[in-house]
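What follows draws every value from the coordinates through simple rules; no lab data is involved. Predicted, not measured: the structure shown is a model, and the values here were computed from it. Because the Cβ atoms are built from the backbone with ideal geometry, glycine has one as well, and the counts that use them run over all protein chains shown.
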Amino acid sequence: MAIVRARPQAMRLTDAAAARIKDVMARTQRPLAGVRVGVKNGGCAGMEYTMEYAEAVNAADEVVEDKGVKILIDPKAVLFLIGTEMDYKTEKLSAQFVFNNPNQTSACGCGESVQLTPAGIDAAGTHKAS
């Protein structure tokens, strides 16, 4: 008999991030499946986070539902994002989504790009620190 283990949730949202995503999605003129999150090569530290509206769920997307928000994670980004908390911060002169990622090993001085190491997964299917 096979043992079925629950998969760990790849990402989680703070209340502020969930509220902001709900607000932004409520203002769109077309139906959306959620917000797609990923990473791409770029910036002085090597990688940048990406976010975009998703009109449909792709077959290979990792789907995370947290606090009433559907996040679709690009399959190439899953190992870089496991354990990440997405927050939304408002300061005097800026407002932005912030990724608190345990897989981040460094960041550039301007904060626009990061260096990420793929997460390790132990035999139980849980995230382990690299």
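Here Leu79, Leu13 are placed in order of increasing Cβ neighbour count within 10 Å, fewest first, which gives Leu79, Leu13. Label-to-label distance, Gln9 versus Arg27, with points set 7 angstrom from Cα along the beta-carbon direction: 2.6 nm. The count of lysine pairs in segment 11-119 with alpha-carbon distances below 18 Å, taking only pairs 8 or more places apart or on different chains, stands at 5. Label positions at Lys76 and Asn58, each projected 7 Å from the Cα along the C-beta direction, are separated by 0.8 nm.
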